[in-house]
Amino acid sequence: MTATKLPLILLAEDDLKTSNLLAVYLEREGYQTIAAYDGQQAIDQHRRRNPDFVVLDVMLPHKDGWEVCREIRQHSEVPVLFLTARDDESDRLLGLGLGADDYVLKPFSPREVVARIKGILRRTRAVNVYDAASDVLTHGALVLDTTKRRVSLDGESVELTPIEYTLLLTLMSTPGRVFQRDEIITRLYPRGESVVDRVVDVHVGKLRQKIEADPADPKYIITVRGTGYRFADRRSELGS
């Protein structure tokens, strides 16, 4: 019988005590952990070990968490959870804009971090096994295959983060329906994480960069001013 591979979590945290404490709590829950104590180590460990999840402190030596996340996102959509001591909305929006899946403020409870990691991994797996009435959603040149969790545009694969995929699936499943921002937040953060409305705009902006020919003049994801967003419901909206 082949043993089940335990999820591998990279802990990029320069404080040895914090890193060790998180490792203890995570390993109790059945996860494997590896540690990095500066930004360059985090990048090197990610390239060598290809972890299933990255816990990333913002204030790392040599390369900060922002720079590490940027480099990881150039070649990987692994879930990323930021740890930060700065309770600043602009920092949170920057992290989410770089492709992070969530953030936790310091000081924190290790149990909270473990719960957030579990929630993100559960959400990622749920996306992977999503069973829609139609396995393939199409709109113009955009194709979303829910069975393979694959998105393509003009026949070319589009790499999305788990949150971007969930956002696109939510909107694309019911073209024309207007989703309010708080409803989208509930879909993206089902555990009730506290996030501001602007987070939705950040995720929509990142998604548009990947699927729209002109993100400033979107044809797929339409803004409904003062309310939220909807997916195009008429072929004319896509120039067809």
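The values are calculated or read from the model by the stated rules, or taken from the named source; none is laboratory data. As the structure is a prediction and not an experimental result, all values here were calculated from the model. Backbone-built Cβ (ideal geometry, glycine too); neighbour counts: all protein chains shown. The protein model used for the area step is the full one, side chains on, heavy atoms only, and it has no ligands, DNA or RNA in it. Shrake-Rupley method; radii C 1.70, N 1.55, O 1.52, S 1.80 Å.
For the pair ARG198 and LEU93 in one chain, pulling the backbone fully straight at 0.36 nm per residue adds 37.0 nm over the alpha carbon distance. Just the protein heavy atoms count here, and of the accessible area of the chain at 1.4 Å, carbon and sulfur take up 47 percent.
Compared with the dominant principal axis of the Cα atoms in the chain, helix 162-173 is inclined by about 20°. The long axis of helix 16-28 is offset from the longest Cα principal axis of the chain by roughly 70 degrees. Calculate I(q)/I(0) for the chain by the Debye formula, one identical point scatterer on each C-alpha and no solvent, and give its log10 at q = 0.16 Å⁻¹ to two decimals. Scattering profile of the chain, log10 relative to I(0): -1.17. Residue separation of ARG70 and ARG47 scaled by 0.36 nm, minus their Cα-Cα distance, works out to 6.9 nm of gained length. Computed from backbone phi, the HN-Hα couplings of the range 97-114 come to x, 7, x, 5, 8, 6, 8, 10, 7, 8, x, 9, 8, x, 5, 5, 4, 4 Hz, rounded to whole numbers (Karplus: 6.51 cos²θ - 1.76 cosθ + 1.60, θ = phi - 60°; Gly and Pro given as x).
Computed over the Cα atoms of the range 59-100, the ratio of the radius of gyration to the Kirkwood radius (Rg/Rh) comes to 0.94.
For the cross-link pairs LYS118/LYS148; LYS118/LYS219; LYS63/LYS206; LYS17/LYS118; LYS63/LYS148; LYS148/LYS219, which exceed 27 Å when the distance is taken from alpha carbon to alpha carbon? Intermediate results must be reported in sequence, preceding the final value.
On the way: LYS118/LYS148 22 Å; LYS118/LYS219 35 Å; LYS63/LYS206 23 Å; LYS17/LYS118 22 Å; LYS63/LYS148 35 Å; LYS148/LYS219 25 Å.
LYS118/LYS219; LYS63/LYS148, as the Cα separations exceed 27 Å there.
Along Cα→Cβ, 7 Å out, is where each label goes; now give me the distance between the ones at GLN40 and ASP214 in nm to one decimal. Those two pseudo-labels are separated by 4.5 nm. Only helices enter this figure: runs of n ≥ 4 DSSP H residues, each worth -39500 (n - 2.57), summed and divided by the residues of the chain, yield -12500 deg cm²/dmol at 222 nm to the nearest 500. Relative contact order of the chain: 13 percent, from C-alpha pairs under 8 Å at least 6 residues apart in sequence.
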